[in-house]
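What follows is a single structure, written as structure tokens, with notes after it.
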Amino acid sequence: MGRGEALPKDFVWGAATSSYQVEGAAWIDGRGECIWDRFARTPGKVFQGDNGDVACDQYHLWPQDIQLMREIGIRAYRFSTAWPRIIPTGRGAVNKVGLDFYDRLTDGLLEAGIEPYVTLFHWDLPQVLQDEGGWLQRSIVDAFIPYVEAVVSRLGDRVKHWMTHNEIPCFIGQGYGTGTQAPGLQVSKKELNQGYHHACLTHGHAVRIVRSLARRDAEVGFVNNPWIPVPLLDREDHIEAARKAFVRVGANLHEPILNGRYPDWWLEKQGVDAPEIHPADMEIIGSPTDFVGINIYFGYFTEPADNENGFNVLPFPKGYPHLDLKWLKPVPQALYWAARFYREAYRVKKTYVAETGCACADEITPEGRIIDLDRMQWMRAHMLEVRRAVDEGLGLAGVFQWSLMDNFEWSEGYAKRFGMVHVDFTTQKRTLKDSACLYREMILSGGRNI
Ligand code: GCO
């Protein structure tokens, strides 16, 4: 798609995974049960009853996976630490053996010249804590703090990049609202708001712990999958309407985390369902961060409207294309607008695309090649938007492909493949797909060859 300017030398070329989705080794070395182990064993919750017991077995095969990253030329690896591996009973003693794994992984990455980006919570809550009510109970805060302290004090001398929570709207909204993710509950609006509040509060505590226990040059931020409005026309009134939509829809997360308050209109709208807020909470939640990580999978087209919100959301036509999951509709401009709106609405200086990628119905040729042209198109289209954001000086510092490798795709089990690397889940054989080769080319050319 043509040669453009190179991206800045320090642009971060990464790939991402998460603990439950790739590690496997679910029942060894003292790891405790997490809510996804339980959810996956609940009939009807996960496709074909798949679970993360083995996944990609990265717990054992990490040296091989680092080698794959080197082959692709990846400069940064975003992974998450598993709370049930580190504090198996949710509270109390640290399981040293579990923590050792992340120590080895971190050292292995650094030796290979790959920068670790650590996410502290990517959904694998210890089941014992869920038995107490999980994120809905304020007591989760007292459990989360020592877990984060254990991780950061062990890895913080080497890890410079920290991400607190991954996608609060998913693990709260879908975990306790729609019930489509673990723990699969449907609670009241009041309890849900309280869950969001506790997630925000633990984010704030994690920021402070990183500041006090990690190396001085460490940076920390949160990762969100915001609802992203895309202006239907690239025109000031449409852009204004989309920006309004961005601010309105993200109010219960962006305002507290980035501005240290809930907006009055939002609190009024919740009425008796507003969360209970303790005196110091907002200050902790609003602890200054260094960046926002954005996960980009789709966006919504919006236009200005003469209604109380000032915008309309347009329905997708029936024939709009999608990848191997219905909700994966390609709207690559969402990437650019998300970076721009975080900057314009919340003065965010730095963003990463912490995830972008798609599931494709990959096929292996008799010669063993995976010609994933659909994923390559996705990657190209999104990288062009990355370049646009960088060219306009929006502070976009890097991108992490979701995912390094095929893995356990939550309630879709192993049926949906998001990787640049194909995994044969019977033999654990890894094979670079053509998209991995494209990514290598992009990295080698500094982003010129997209
Ligand atoms: C996320 C999800 C990932 C998913 C990916 C594809 O962070 O967005 O948690 O773990 O696998 O989004 O659905």
Practice problem: Largest first and to the nearest Å, give the Cα extent of segment 12-444 along each principal axis. | Solution: 58, 49, 47
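May I have the convex hull volume per residue, in Å³, for the Cα set of segment 228-281? Walk me through the numbers on the way to the answer.
Values: hull volume 4.9 nm³, N = 54.
It is 90 Å³ per residue.
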Practice problem: Beyond 21 Å between alpha-carbons counts as too far, so tell me which of 9/350; 160/350; 45/433; 326/350 fall in that bin. | Solution: 45/433; 326/350
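Treating only the Cβ atoms of Lys and Arg (+1) and Asp and Glu (-1) as charged, compute the dipole magnitude of the chain about its Cα centre; round to the nearest 20 debye.
On the way: 49 positive and 58 negative charges, 112 e Å.
For this selection, approximately 540 debye.
Are there any GluC sites (Glu not before Pro) in segment 292-359 that are in a DSSP loop and have at most 13 other Cβ atoms within 10 Å? List them by number.
Working: sites: 308, 344, 355; in loops: 308.
In loop regions of segment 292-359 (DSSP not H, G, I, E or B), the sparsely surrounded GluC sites (Glu not before Pro) are 308.
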Self-check item: Gyration tensor (Cα) of segment 9-49, equivalent ellipsoid semi-axes in angstrom
Solution: 29, 16, 7
Quiz item: Given C-alpha coordinates of segment 305-399, what is the ratio Rg to Rh with the Kirkwood estimate of Rh?
Solution: 1.07
Self-check item: Dipole-positive endmost among 408, 256, 182 within the chain (Cβ charges, Cα centre)
Solution: 256
Quiz item: Remind me, what semi-axes does segment 371-450 give for its equivalent ellipsoid, largest first in whole Å, using sqrt of 5 times each Cα gyration tensor eigenvalue?
Solution: 27, 14, 10
Quiz prompt | Cα-only radius of gyration and Dmax that characterise segment 169-275, units Å | solution = 16.3, 47
Quiz item: Of all chymotrypsin sites (Phe, Trp or Tyr not before Pro) in segment 372-418, which ones are in loop regions per DSSP and have a Cβ with at most 16 other Cβ atoms within 10 Å?
Solution: none
Exercise. Take the Cα radius of gyration of segment 1-97 and divide it by 2.2 N^0.38 Å, with N its residue count; two decimals is plenty.
Key: 1.39
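Rule-based calculations on the coordinates, nothing more; no lab input. In this text the structure is predicted, and so the values were computed from the model without any measurement. Cβ atoms come from the backbone with ideal geometry, glycine included; neighbour counts cover every protein chain shown.
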